[in-house]
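Some notes on the structure that comes next.
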Ligand SMILES: Nc1ncnc2c1ncn2[C@@H]1O[C@H](COP(=O)(O)OP(=O)(O)O)[C@@H](O)[C@H]1O
Ligand SMILES: Nc1ncnc2c1ncn2[C@@H]1O[C@H](COP(=O)(O)OP(=O)(O)O)[C@@H](O)[C@H]1O
Ligand SMILES: [Mg+2]
Ligand SMILES: [Mg+2]
């Protein structure tokens, strides 16, 4: 088993597109992310980012209709990545969608992507109309500083 | 969306066979099970049963080697089911394996199946040597009684 | 963008300050109160409602404070 520690670690979670499943995804990813030395606040940040991405898949991707959301996560001991994928309606203009306060739904705040960007180190979006959307989130535990500094 | 409430709810979680992933499976299933009116004690029982089944897949199914454990769970609003499947070495004599205190490993207690049976309403085991093992666990929330009666 | 980041970090929608341990402790307290009040053990959902938290958060918190991988046997030989 000597070199097993070097293997990448991952999980894959598939869930029907339903608002009440957002929390299941959030908690599963947080439990997995806890394998890296994240602080509790960093874990909370990850949970917020994952919630926003999964909520988008449910609300925008599938428009509250039927569909499956696939969450993949992985880490190499140093960096966490989380992928949230739907095969819903997709995004026509990704750059516009990522602008803070932009939403195609007048009743929403349009801050989902802004939260993901604020709380994760990197956010990649792949999407095509009719084909679905994949959001990739990356985060490293911040180096632990001495409290005295 | 009128009849969506009647649709069965489910999740599927795939994890590499690793001891540290047992906790991820346990939390994900408990978060999902919380969609039914289980008490904290019932959720603890579910968590123990799931931990035992996933631990068996890691320890016995794959003998601490590589492999993927698939956890499926579902409910219809009234009954929870959880399926833990590996494609590892399988069980030759299922009846014997389920006996309390039976273990093929002299260092183990052989109480995993006994705990699953004690804590869940029903436990089904499907297995064949070389083909892998699927354990299915079922549980309903206990009817809520008034203590005053 | 830097400013927005800072603003969002400071105004998180869920209470970052409330540690998992804190949530777990309160959940157990509420369980005892509700058990007393209704004469039966409450469901997790009832506890979460009383705390004003999503069910999964309570599950996560309670799991985080215990930890045994398998309660009854070591997973490593
Ligand atoms: N998975 C997705 N599928 C389709 N469109 C999406 C998806 N995620 C985001 N979008 C689009 O991007 C916009 C901005 O998303 P977001 O920043 O989360 O704000 P909000 O969800 O409040 O609208 C959404 O209004 C929607 O048009
Ligand atoms: N997933 C599995 N794959 C192969 N064998 C298994 C599996 N689960 C259980 N077994 C067999 O059943 C026996 C009893 O399991 P259990 O009651 O959990 O006790 P223990 O894990 O302590 O041995 C194990 O010793 C093993 O031989
Ligand atoms: Mg959004
Ligand atoms: Mg066992």
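Values quoted throughout were computed directly from the atomic coordinates according to the rules given, and no laboratory measurement underlies them. Quick caveat, the model's predicted, so the values are computed rather than measured. Ideal geometry is used to build each Cβ from the backbone, glycine not excepted, and the neighbour counts take in all protein chains shown.
Using the 7 Å Cα-to-Cβ label point, sort the distances from residue A:77 to its equivalents in the other copies shortest first and give them in nm to one decimal.
5.0
Which ordering of A:43, A:137, C:28 is given by a fewest-first count of other beta-carbon atoms within 10 Å? Could you put the intermediate results ahead of the total?
Working: A:43 21, A:137 24, C:28 15.
In increasing order of surrounding Cβ atoms, one gets C:28, A:43, A:137.
Using only the alpha-carbon atoms, how far is helix A:22-33 inclined from the longest principal axis of chain A? Give it as 0 to 90 degrees, nearest 10.
20
Report, for residue A:105, each distance to the same residue's label point in the other copies, shortest first and in nm; define the point 7 Å along Cα→Cβ.
Its label point is 4.7 nm from the equivalent points in the other copies.
In percent, how large is the relative contact order of segment A:83-149, given Cα pairs closer than 8 Å and 6 or more residues apart? Walk me through the numbers on the way to the answer.
Working: 96 pairs, mean separation 26.5, N = 67.
In percent, rounded to a whole number, it is 40.
If you count, for every residue in B:56-64, the Cβ atoms of partner chains within 10 Å of its Cβ, what is the mean? All intermediate terms of the calculation are to be shown ahead of the outcome.
Details: counts 1, 0, 3, 6, 0, 0, 0, 0, 5.
If you average over the peptide's residues, the count of other-chain Cβ atoms is 2.
Compute the label-point distances linking residue A:65 to its equivalents in the other copies; points lie 7 Å from Cα along Cα→Cβ; give nm, one decimal, shortest first.
Its label point is 4.6 nm from the equivalent points in the other copies.
Which order do the peptides B:115-128, B:14-27, A:101-114 come out in when sorted by mean C-beta neighbours inside 10 angstrom, highest first?
B:14-27, B:115-128, A:101-114
As a test of the definition: which semi-axes, in Å, follow for the protein assembly as shown when you take the square root of five times each eigenvalue of its alpha carbon gyration tensor? Largest first, please.
Working: eigenvalues 236, 124, 93 Å².
Listed largest to smallest, the semi-axes of the protein assembly as shown are 34, 25, 22 Å.
Measure nothing but the geometry: give the 0 to 90° angle between the long axis through the Cα atoms of B:40-56 and the longest principal axis through the Cα atoms of chain B, rounded to 10°.
Result, in degrees: 20.
Restricting to DSSP H runs of at least four residues, report the calculated mean residue ellipticity at 222 nm for the protein assembly as shown, -39500 (n - 2.57) per run over all residues, nearest 500 deg cm²/dmol.
Working: 12 runs with 131 residues, N = 375.
The helix-only estimate for the protein assembly as shown comes to -10500 deg cm²/dmol at 222 nm.
Can you tell me the relative contact order of segment A:3-99? Whole percent, Cα pairs under 8 Å, sequence separation 6 or more. List each step's numbers first, then the result.
Details: 132 pairs, mean separation 33.8, N = 97.
Over segment A:3-99, the number comes to 35 percent.
In peptide A:12-19, how many Cβ atoms from other protein chains are near each Cβ within 10 Å, on average? Let's see the in-between values first.
Values: counts 6, 8, 6, 7, 7, 0, 4, 0.
So the per-residue partner count for this stretch is 5.
Using a 10 Å cut-off around each Cβ of peptide C:33-43, what is the average number of partner chain Cβ atoms that fall inside?
Details: counts 0, 0, 2, 1, 0, 4, 5, 8, 9, 4, 10.
The per-residue average across the peptide is 4.
Averaged over every viewing direction, what's the projected area of the C-alpha convex hull for segment A:1-125? Give it in nm², one decimal, please. Intermediate results must be reported in sequence, preceding the final value.
Details: hull surface 32.8 nm².
For segment A:1-125, averaging the hull's shadow over all directions gives 8.2 nm².
Can you give the relative contact order of segment C:17-65 as a percent, counting alpha carbon pairs under 8 Å and 6+ residues apart?
Details: 42 pairs, mean separation 24.1, N = 49.
Reported as a whole number, the value is 49 percent.
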